[in-house]
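Below: the structure, in structure tokens.
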Amino acid sequence: MHPERCPTPQVVSDTVQQPAFAADTRRVGIRLRDESGMGLIELLIAMVVLNVGLFAVVGVFSSATSAMGRAATISSATAVADRQMEIYRSLKNCAIWLDATTGSPTNTFPTANSGSLYQADTKSYTDLYATPSPAPVTFLDTSLSDTAKGMLAWSTNKTTQVLVVPWNSTIPTFCNPTPGTTPPVSATKAIQTVNGPDGVGYPVYTYIILTLPSGAGYTGAYVKQVTIVVRDPRNTAKILARQTSLFDWTDGS
């Protein structure tokens, strides 16, 4: 009797064979022939909307750039006005005046009634303490005699030469030659060009008139009202900065 033999084990591969399918070329052809999607009209509308958005963004940047440029210009003009006013603050009161000498190279007053912007800006030579209300003083006509100039309410190097004006002997114009009493040329010109921190030359108009302030802190004597006006160098009719200060000789300055 023969022993029973065990069957030889069969090795079965773990790899599962998947049936192969051909590419679905029918669907590809259908999609290629499909005309649905974005048409010409839709494309044009999308481009218009995109352009509107882009132009709006460009406009914002352009406006911001212009605003920054204007702010920088005004800032420079203000710095020029500050610097010019500091010159007068560093001087003795008797050295605060404008040159009104006929024929002098530092006499830059425009001819009276010539249509100048200097004379047209009456706000800058308005007596803030005039009664019954603030009003411009008579404009300085440099063609007048020295005596006539001295009678006008302007602080010039002719101011103290007349004995009949109310500010005589109270508004010193000429000083003894001591430090701080000789004004620089830039402090005696009515009109000049001053370079700003941006390197641009700004037209600077200076007005120095005599006024009689009232109220606490004033002694009833005439003082000097200095106004600095800085104009736009690209359009001198436009004022960029204006500063006004009072200089009282009775406080020891």
Would you check if there is a residue in segment 113-122 being in contact with a strand residue (DSSP E or B) (Cβ under 6 Å, 6 or more places away or on another chain), closer than 26 Å to residue 163 by Cα and at pLDDT 90 or above?
no
Quick check on residue 76: is it hydroxyl-bearing (Ser, Thr, Tyr), touching a residue at least 60 places away in the same chain (Cβ under 8 Å) and more than 25 Å from residue 223 (Cβ to Cβ)?
yes
Any idea which residue in segment 124-152 is surrounded by the fewest Cβ atoms within 10 Å (Cβ to Cβ), counting only those that are without any contact (Cβ under 8 Å) to a residue 12 or more places away in the chain and assigned to a loop (DSSP other than H, G, I, E, B)?
132
Count of segment 88-143 residues which are under 20 Å from residue 204 (Cα atoms) and among the basic types (Lys, Arg)
2
Which condition does residue 155 not pass, out of (1) free of Cβ contacts under 8 Å to residues at least 60 places away in the same chain; (2) at negative phi, if it passes all the others?
(1)
Note on residue 215: of the conditions (1) touching a Cys at 6+ places or on another chain (Cβ under 8 Å); (2) at positive phi, unmet is (1)
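The values are calculated or read from the model by the stated rules, or taken from the named source; none is laboratory data. Everything numeric in this text was worked out from a predicted model, so none of it was measured. We place every Cβ from the backbone using ideal geometry, glycine too, and count neighbours over all the protein chains shown.
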